[in-house]
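Asks: Once you've had a glance at the structure underneath, I'll fire off some questions.
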Amino acid sequence: MRYSALKILKEGLTGNRGWKPVWREPEPRAEYDVVIVGAGGHGLATAHYLSKEFGVTNVAVLEKGWIGSGNVGRNTTIIRSNYMLPGNEPFYEFSLQLWEGLEQDLNYNAMVSQRGILNLYHSDPQRDAFARRGNAMRLAGADAVLLDQAGVREMCPFLDFDNARFPIKGGLWQPRGGTVRHDAVAWGYARAADSRGVDIIQNCEVTGFDIENGVCRGVETSRGRIRAKKVAVCVAGSSGRLMEKAGIRLPIESHVLQAFISEGLKPVIPGVVTFGAGHFYVNQSDKGGLVFGGDPDGYNSYAQRGGLPVVEDVCEGGMAIMPMIGRARLLRMWGGIMDMSMDGSPFIDRTPVDGLYFNGGWCYGGFKATPASGFCYAHLIAKDEPHPTAAAYRLDRFRHGAMIDEKGVGAQPNLH
Ligand SMILES: Cc1cc2nc3c(=O)[nH]c(=O)nc-3n(C[C@H](O)[C@H](O)[C@H](O)COP(=O)(O)OP(=O)(O)OC[C@H]3O[C@@H](n4cnc5c(N)ncnc54)[C@H](O)[C@@H]3O)c2cc1C
């Protein structure tokens, strides 16, 4: 069923009786060409691009919970491509370009809103670092504008420019950055993949791998054994625990990241704003709530809620740049499990087990990567060779010293 303005009008006039379920609820079959583990944004996007771009439709996506129960439905919805390093920037710019055509591609309203993202700087050296990053972005075909204090003041008059400790001197502005309605992304990809015959199987947990002589022949699940020519894992915060069952130890730690939303307010924040002297980022949802967050909790965890020290730290960051936030009432807060890699960059790669593929290590920046991650993972699975924009995301890069440490903080996963 295609969605259109005409369809809405027709259904509105005829009692809304013609809408169909957005995807099927099939029983798992005994065998598939490709089994994708994890129906988060990345798994569903992989299924969509596998079926659409590479003609592989005998595919199942296995999900232990329900679609959107993981990080794809828990993030703060920010998209951007303001990276600097060569291994990263072309990939994230590819992703932003896919976001720009996503709704037409999926025939689904994902509320892609390119309201821009503003990274504040608070010192001269930080301005120089941002100028360097902006230049690198422009060299890779992305958009970047370096604003001085007057430029930021015009855009965001509510910021505290005269804070003696963190004076705002300007910002790096990416106009094409913004936000996307996160669960609509999962639903849109699920609907598109399902329409091409992909089986999306919820409440089906993968509990082990069927590995014979170094070759993966399928998976063991809570609903029985399923054979597959290729098995592609993308389970975000559960990566370490699941890959351990295939005998693979990953350079990943799991940490919880929290997010917060205030009561609905009238429009106040034009796009996404990030603090440059601490960790705090904020945007405003279409319903008016201020959506904000900061650092992950400092210890390893598989919980989907975090501790109070980070709550305090995030609120301090908010108060430092926009004291008016102290007058907004907090509506909800939640957490998600982050697969934090040792250099802050992800993996899209084959594994030492033949037929077993891995996608993970997205830290807390994987939502913006969803389209390119799905496309590049599908490319790898279908052709057995990496997509050019994801060629650096190898699992063995630490062995070669080829880290992609965007923040330059070293092997400190909770700092990336
Ligand atoms: C609070 C918060 C804020 C964030 N903000 C942003 C942001 O603003 N911008 C940004 O780019 N990124 C952000 N992120 C990060 C982003 O959400 C993640 O990097 C990304 O969603 C991870 O990929 P995914 O969507 O595939 O993960 P998920 O949605 O977590 O998908 C993984 C799925 O695998 C399933 N699974 C796990 N184990 C098994 C198993 N054994 N068998 C079957 N299924 C299994 C899980 O149930 C889950 O549904 C944020 C994350 C959080 C938690």
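Asks: Quick check on this structure: which one of 242, 172 is at pLDDT 95 or above and assigned by TED's automatic domain parsing to the domain that holds residue 334?
Replies: Matching residue, one of 242, 172: 172.
Asks: Moving to a separate point now. Within region 337-353, work out how many residues are of a type in the set (Val, Ile, Thr), surrounded by 19 or more Cβ atoms within 10 Å (Cβ to Cβ) and either more than 17 Å from residue 38 (Cβ to Cβ) or assigned by TED's automatic domain parsing to the domain that holds residue 370 (or both).
Replies: Residues flagged as of a type in the set (Val, Ile, Thr), surrounded by 19 or more Cβ atoms within 10 Å (Cβ to Cβ) and either more than 17 Å from residue 38 (Cβ to Cβ) or assigned by TED's automatic domain parsing to the domain that holds residue 370 (or both) within region 337-353 amount to 2.
Asks: Provide a single number: the residues in region 364-379 that are in contact with a strand residue (DSSP E or B) (Cβ under 6 Å, 6 or more places away or on another chain) and modelled with pLDDT of 95 or more.
Replies: Residues that pass the stated criteria total 3.
Asks: What number of residues within region 56-68 are over 24 Å from residue 33 (Cβ atoms) and modelled with pLDDT of 95 or more?
Replies: Qualifying residue count, region 56-68: 2.
Asks: Separate question: Here's a check for you: in region 29-42, which residue that is over 14 Å from the mean Cα position of the chain (by Cα) and within 12 Å of the ligand (Cβ to nearest atom) is farthest from residue 383 (Cα to Cα)?
Replies: 37
Asks: Right, another one. Anything in region 237-251 that is in contact with a helix residue (DSSP H, G or I) (Cβ under 8 Å, 6 or more places away or on another chain) and either among the acidic types (Asp, Glu) or within 24 Å of residue 308 (Cα to Cα) (or both)? List them, or say none.
Replies: Once the filter is applied, which keeps residues that are in contact with a helix residue (DSSP H, G or I) (Cβ under 8 Å, 6 or more places away or on another chain) and either among the acidic types (Asp, Glu) or within 24 Å of residue 308 (Cα to Cα) (or both), region 237-251 yields only 237.
Asks: Going by the conditions given, is residue 381 more than 26 Å from residue 297 (Cα to Cα) and assigned to a helix (DSSP H, G or I)?
Replies: yes
Asks: Can you find, within region 185-216, the residue that is nearest to the ligand (Cβ to nearest atom) among those that are crowded, with 18+ Cβ neighbours inside 10 Å and more than 24 Å from the chain's Cα centre (by Cα)?
Replies: Residues of region 185-216 that are crowded, with 18+ Cβ neighbours inside 10 Å, as a first pass: 185-195, 198-201, 204, 206, 209, 211, 216.
Still in the list and also more than 24 Å from the chain's Cα centre (by Cα): 209, 211, 216.
Working: 209: 11, 211: 16, 216: 15 Å.
Selected residue: 209.
Asks: In this structure, is residue 230 in contact (Cβ under 8 Å) with a residue 24 or more places away in the chain, in a strand (DSSP E or B) and surrounded by fewer than 24 Cβ atoms within 10 Å (Cβ to Cβ)?
Replies: Working: in contact (Cβ under 8 Å) with a residue 24 or more places away in the chain: yes; in a strand (DSSP E or B): yes; surrounded by fewer than 24 Cβ atoms within 10 Å (Cβ to Cβ): yes.
Criteria met by residue 230.
Asks: Pull out all pairs, ordered by first then second residue, where Cβ-Cβ is under 7 Å, the residues are six or more apart or on different chains, the first lies in region 62-75 and is more than 6 Å from the ligand (Cβ to nearest atom), and the second is part of a loop (DSSP other than H, G, I, E, B) and not aliphatic (A, V, I, L, M).
Replies: Pairs that qualify, where the first residue is more than 6 Å from the ligand (Cβ to nearest atom) and the partner is part of a loop (DSSP other than H, G, I, E, B) and not aliphatic (A, V, I, L, M), are 66/202; 67/202.
Asks: Which of the numbered conditions does residue 356 fail, given that it passes all the others? Conditions: (1) surrounded by fewer than 18 Cβ atoms within 10 Å (Cβ to Cβ); (2) of a type in the set (A, V, I, L, M); (3) at pLDDT 95 or above.
Replies: (1)
Asks: When only residues in region 282-336 that are within 15 Å of the ligand (Cβ to nearest atom) and of a type in the set (Phe, Trp, Tyr) count, which is surrounded by the most Cβ atoms within 10 Å (Cβ to Cβ)?
Replies: 292
The values are calculated or read from the model by the stated rules, or taken from the named source; none is laboratory data. Quantities reported herein were computed from a predicted structural model and do not represent experimental measurements. When we count neighbours, we look across all protein chains shown, and the Cβ atoms used for this are built from the backbone with ideal geometry, even at glycine.
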